[in-house]
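In what follows, a structure is listed as C-alpha cells, so that the remarks can point back to it.
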Amino acid sequence: KVHQFMQFCVVSPIQYALADFMVSDPQHYLELPAFYQAKRDLFCELLKPSRFELVPARSTYFQLADYGAISSNTDTEFANHLTREVGVAAIPVSVFYEDPPAQTLVRFCFAKDNATLERAVETLRRI
C-alpha cells in the first residue's frame, strides 16, 4: 500500500510542471491512447500461449490475468511468488477490496518498453 501511494501521489511542483507541459504540447496526451493500446496488444499477444487467461481491459495500463490454471494460491501468495521466485512483478487484485471475492486474478503493468515486456512474457510463458 505504501508503494501505491509513493508511485501515484505527485508533489505539487511536478503537478504544475505537467500542467504546463500539457498546455505547451497538447498533442502528447492525444497520442497516449494509441501508444498504450499498442503496448497492451503486444503484451496480450505475447501472453496468449501461456496458461494465464486474460481478462479484457480498457482505459488502463494494467492487464488483468487469471492464474487459476496455474495455482490455487491466494493472489497475494501468487504475486509474491511471481515477484520473488519468477522475477516478474504482479499486483494482487484483492488489495483493492475491503472484502475481496474469491478469485485468482493478478494485474500486470504493460507501461514498459517493449524489450521489458518481451522478457517478462518469455518468463511467464514458462510457468
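Odds and ends about this structure:
- Protection proxy ranking of 38-44, 22-28 - average other beta-carbon atoms within 10 Å, highest first: 38-44, 22-28
- Using the 1.4 Å probe convention, the accessible area of the chain works out to 69 Å² per residue with neighbouring protein chains retained.
- Backbone HN-Hα couplings from phi across the range 24-33 [Karplus 6.51/-1.76/1.60, Hz, Gly and Pro as x]: 6, 9, x, 5, 4, 6, 6, 8, 4, x
- From the coordinates shown, mean projected area of the Cα convex hull in nm² corresponds to which of (1) 9.1; (2) 12.5; (3) 8.4: (1)
- Within the accessible area of the chain (1.4 Å probe), percent carbon and sulfur: 56 percent
- Phi-derived couplings, Karplus 6.51 cos²θ - 1.76 cosθ + 1.60 at θ = phi - 60°, listed residue by residue for the range 103-117: 7, 10, 10, 10, 10, 10, 8, 9, 7, 9, 6, 4, 5, 5, 4 Hz, with x used for Gly and Pro.
- Under 5 Å from the amide H of residue 127 lies no amide H of any residue 5 or more positions distant or on a separate chain, with H modelled from the backbone and absent for Pro and chain starts.
- Only helices enter the 222 nm calculation for the chain: every DSSP H run of n ≥ 4 contributes -39,500 (n - 2.57), and dividing by all residues gives -15000 deg cm²/dmol, rounded to 500.
- With every protein chain in place and a 1.4 angstrom probe, the accessible-area ranking of 32, 47, largest first, reads 32, 47.
The values are calculated or read from the model by the stated rules, or taken from the named source; none is laboratory data. The model shown is predicted, which means the values in this text are computed figures rather than measured ones. Reconstructed Cβ throughout: ideal geometry from the backbone, glycine too, with neighbour counts over all protein chains shown. These accessible areas exclude ligands, DNA and RNA; they are computed on the full protein's heavy atoms, side chains included. Shrake-Rupley method; radii C 1.70, N 1.55, O 1.52, S 1.80 Å.
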